[in-house]
Amino acid sequence: MRTFTAHRNEDMGSVMVHVFYPNGQSLPLTHRVHHSPTGMEWGYSGSGPADLARSILWEVIGEEPEPALYQKFKHDFVSVAPYEGFILQEDEIERWIETEIASWLDGLERFENHGGMYLESKT
């Protein structure tokens, strides 16, 4: 199981995100640049956190994640992470992905069961 760690290097004014592998190896997380050419970030909802969420999920699933998935991951994990940094375990991320996919499939099934009409409750 991989572990993702993020911390700030205040002396250099940068953030560091590493992936720790089961064999003890540690490598910097590859920044999959899409929203923020200046780097990854966390603790707010913006382009740096979007790239961090995208990069973490890409590492976990082995391919480019869909924007809706990494934006939701940003919302649920990255944007609310403490300023100082965080640690995420791969199994926690995988459980989150499974829950999100199950929720999406449930919504699709409800949509199809209503003849393709999406019924929205008025509460």
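What follows is calculated from the coordinates using simple rules that are stated; it is not laboratory data. Note that the coordinates shown come from a computational prediction; the quantities given were computed from them, not determined experimentally. Quick reminder, even Gly has a Cβ in these numbers, built from the backbone with ideal geometry, and neighbours come from all protein chains shown.
Remarks
- Considering (1) more than 22 Å from residue 8 (Cβ to Cβ); (2) in contact (Cβ under 8 Å) with a residue 24 or more places away in the chain; (3) exposed (fewer than 14 other Cβ atoms within 10 Å of the Cβ), the lone condition that residue 90 does not fulfil carries the number (3).
- Residue, farthest from residue 34 (Cα to Cα), within region 64-81, restricted to residues that are in contact (Cβ under 8 Å) with a residue 12 or more places away in the chain and of a type in the set (Asp, Glu): 76
- Taking the criterion of being surrounded by 10 or more Cβ atoms within 10 Å (Cβ to Cβ) and either within 15 Å of residue 85 (Cβ to Cβ) or out of contact with any Leu (no Cβ under 9 Å at 6 or more places or on another chain) (or both), the residues of region 4-24 that qualify are 4, 5, 6, 7, 8, 14, 15, 16, 17, 18, 19, 20.
- Scanning region 60-85 for residues that are within 10 Å of the chain's Cα centre (by Cα) and surrounded by 15 or more Cβ atoms within 10 Å (Cβ to Cβ) gives 60, 65, 69, 70, 71, 72, 73, 74, 77, 78, 79.
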